[in-house]
Amino acid sequence: MEVYATTHKGLERITAEEIQELGGKIEKYGNGRVYFKCDERLIKKLNYHARTCERIIVLLKSAKVTQLEDIYKEVKDIDFSFIRPSESFAVRSKRVGVHDFNSMDIARVAGDAIIKSYQSSRKKRLKVNLDSPDNIIRVELIHDLLLVGVDTTGDKGLHRRGYRVYQHPAPLNPTIAAALLRISNWRPEKILVDPMCGSGTILVEAALMGSNIPPGRIREGGKLTFNHKLKIIGIEKFRKHVKGCQETLSRLGIDFIKVIQGDAEHLDKYVQEADLIVTNPPYGIRVGRKSIIKKLYHNLLRTAKNILTENGSITLLTPQEKILKSTATKLDYKWTETPIVYGNLPVKIFKLTQEGRTWP
């Protein structure tokens, strides 16, 4: 069947690689979506195992439209007889681009079309349940591309891992944390350091990946079996975040990750050796913060040179492209970059290595 996964715009290739590894046959990707073919068994597997996907949606129709009337017609032409008469449905809509209508208009028109289509085929009016529907129909309009599908994930996206017990003011989305780790090429035998670990999202995602524990296993609850040979270290400047991070790790039964209260600008004071540094530093978007960010980046990259092993690298997420590139150039780093959209903010994932060294 035709299926697509949603992900953060810019991470489509990373997500496509993961889906392919899990058994999907990739067709194309773009605009935060990866299109592929698979069977029902793989859909269940992806919802359980995928780390960089947000949603898995069975594609019912793809069409070019411009007006609400076009949306109504295209949706009404779909056969919804797979929904049992006793079941309910709800439309979840999304709109990207400039239109003379909003997402609520799309949901309304699509809902009417589904009801009319079902009445024509099954001679019965479908029940609408906006709070806890049996079937979620996703209707997405990406500029002029209409996508209609069955959401197999549910209202809670796959980024909702369920392991956080401490609410950091700027938490990192776990799917992006997993993507950072994939881009860094981290492996369980490598020493991993997050020098600005916050509430510990990168640390937890690494522990899960390195222990072959799928995200779906966490949602099931119960005791988890981790690989205690993993060498993962977290450093965090603020005590309240250190405690919050430790609470999350403790709840999961992770007692092998060291979390140190310390300053990333003096990284070599706390860590002697690291194969990989993966982190999500503060963005410093507010006026007057750029000088602080410039100092932070300089000191982080400078002290990282003292602990990185041969072929070691730094992978980080930032909107401060100019500051990062300028600092990296002065300190003789080379880099690759992956532009993504996080929320509505354009940012880039940089992977840096020292000049003269090869990539891991």
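The values are calculated or read from the model by the stated rules, or taken from the named source; none is laboratory data. In this text, all values refer to a predicted model and were calculated from it rather than measured experimentally. Counting neighbours? That spans all protein chains shown, and the Cβs are built from the backbone with ideal geometry, glycine included. Calculation scope for accessible area: heavy atoms of the full protein, side chains included, ligands and nucleic acids excluded. Shrake-Rupley method; radii C 1.70, N 1.55, O 1.52, S 1.80 Å.
Taking all protein chains together, Val150, Val96 sort by accessible area into Val96, Val150, largest first [probe 1.4 Å].
Roughly what % antiparallel, to the nearest 5, for the DSSP beta bridges in region 105-248?
Working: 6 of 9 bridges.
In region 105-248, DSSP labels about 65 percent of beta bridges as antiparallel.
Distance between the pseudo-spin-label points of Asn306 and Asp131 (7 Å out from Cα toward the beta carbon): 5.8 nm.
Positive end of the dipole of region 9-131 (Cβ unit charges, origin at the Cα centre): among Val96, Ile19, Phe80, the Cα lying farthest that way belongs to Phe80.
To the nearest 20 Debye, how big is the dipole of region 153-282 about its Cα centre, given +1 on the beta carbon of each Lys and Arg and -1 on that of each Asp and Glu?
Dipole of region 153-282, to the nearest 20 debye: 440 debye.
Contact order normalised by length for region 34-147, with contacts defined as Cα pairs under 8 Å and 6 or more residues apart; what percent is it? The value is 35 percent.
Arg51: net charge of surrounding residues, Cβ under 9 Å, Lys/Arg +1, Asp/Glu -1, itself excluded? Display every interim value, and only then the final one.
Working: positive: Arg182; negative: Glu18, Glu205.
Around Arg51, the surrounding residues sum to -1.
The equivalent ellipsoid of region 222-315 has semi-axes of 26, 18, 11 Å, largest first, where each one is the square root of 5 times an eigenvalue of the Cα gyration tensor.
Note on region 285-354: the alpha carbon radius of gyration divided by the globular reference 2.2 N^0.38 Å gives 1.11.
Mean sequence separation of contacting Cα pairs (under 8 Å, at least six apart), scaled by the length of the chain, corresponds to a relative contact order of 14 percent. Between Arg13 and Asp79, the simple label model (points 7 Å from Cα in the Cβ direction) yields a spacing of 4.0 nm. For Ser326 and His143, the FRET efficiency from 1/(1 + (r/R0)^6), where r spans their Cβ atoms and R0 equals 41 Å, is about 0.70.
Once neighbouring chains are kept in place and the probe is 1.4 Å, which whole percent of the accessible area of the chain is contributed by carbon and sulfur? Provide the component values of the computation, followed by the final result.
Details: 8160 of 17030 Å².
Ligands and nucleic acids excluded, carbon and sulfur give 48 percent.
If R0 is 41 Å, the Cβ-Cβ spacing of Lys243 and Val96 corresponds to a FRET efficiency of close to 0.55. Taking max minus min of the alpha-carbon positions on each principal axis, region 21-158 gives extents of 41, 37, 24 Å, largest first.
Relative to the longest principal axis of the C-alpha atoms of the chain, give the angle of the C-alpha long axis of helix 201-210, reported between 0 and 90° and rounded to the nearest 10°. That works out to roughly 80 degrees.
Size of the dipole of region 237-360 about the Cα centre, Lys and Arg at +1 and Asp and Glu at -1 on the beta carbon, nothing else charged, in debye to 20? Could you put the intermediate results ahead of the total?
On the way: 21 positive and 12 negative charges, 132 e Å.
My answer is approximately 640 debye.
For the chain, what is the charge dipole size about the Cα centre, in debye to the nearest 20, if Lys and Arg each add +1 at the Cβ and Asp and Glu each add -1 at the Cβ? Write down the numbers at each step before the final one.
Details: 60 positive and 41 negative charges, 118 e Å.
Dipole magnitude for the chain comes out near 560 debye.
Can you flag which of Lys237/Lys258; Lys37/Lys351; Lys28/Lys322; Lys237/Lys322; Lys45/Lys94; Lys9/Lys348 are past 20 Å Cα-Cα?
Numbers: Lys237/Lys258 14 Å; Lys37/Lys351 31 Å; Lys28/Lys322 32 Å; Lys237/Lys322 25 Å; Lys45/Lys94 25 Å; Lys9/Lys348 11 Å.
Long pairs (Cα-Cα over 20 Å): Lys37/Lys351; Lys28/Lys322; Lys237/Lys322; Lys45/Lys94.
Rounded to the nearest 5, what is the percent of antiparallel bridges among the DSSP beta bridges in the chain?
Details: 42 of 66 bridges.
Counting only bridges with both partners in the chain, antiparallel ones make up about 65 percent.
For region 90-137, what is one quarter of the convex hull surface built on the Cα atoms, given in nm²? Present the calculation step by step, with values, prior to reporting the outcome.
On the way: hull surface 14.8 nm².
Computing the convex hull of the Cα atoms and averaging its projections yields 3.7 nm².
In this label model, Asp268 and Lys156 are separated by 4.6 nm, measuring between points 7 Å along each Cα→Cβ vector. Using only Cα atoms and rounding to the nearest 10 degrees, what angle (0 to 90) does helix 174-184 make with the longest principal axis of the chain? Approximately 50 degrees, to the nearest 10.
Reported value for the chain: 147 Å³ per residue, from the convex hull of its C-alpha atoms. Shape summary of region 86-223, radius of gyration then Dmax from alpha carbon positions: 20.2, 62 Å.
Using DSSP, restrict attention to beta bridges with both residues in region 242-360 and report what percent are antiparallel, rounded to the nearest 5. It would help to have the intermediate numbers written out before the result.
Working: 15 of 20 bridges.
Taking every DSSP beta bridge with both residues in region 242-360, the antiparallel ones total about 75 percent.
For the chain, the longest principal axis of the Cα atoms and the long axis of helix 40-49 meet at an angle of about 30 degrees. Taking the square roots of 5 times each eigenvalue of the Cα gyration tensor of region 11-81, largest first, gives ellipsoid semi-axes of 27, 15, 9 Å. Per residue, region 57-148 exposes 52 Å² of accessible surface when a 1.4 Å probe is rolled over the protein heavy atoms with every protein chain present. Along the axis of the charge dipole computed for the chain (Cβ charges of +1 for Lys and Arg, -1 for Asp and Glu, origin at the Cα centre), the listed residues Ser62, Asn299, Gly154 are led at the positive end by Asn299.
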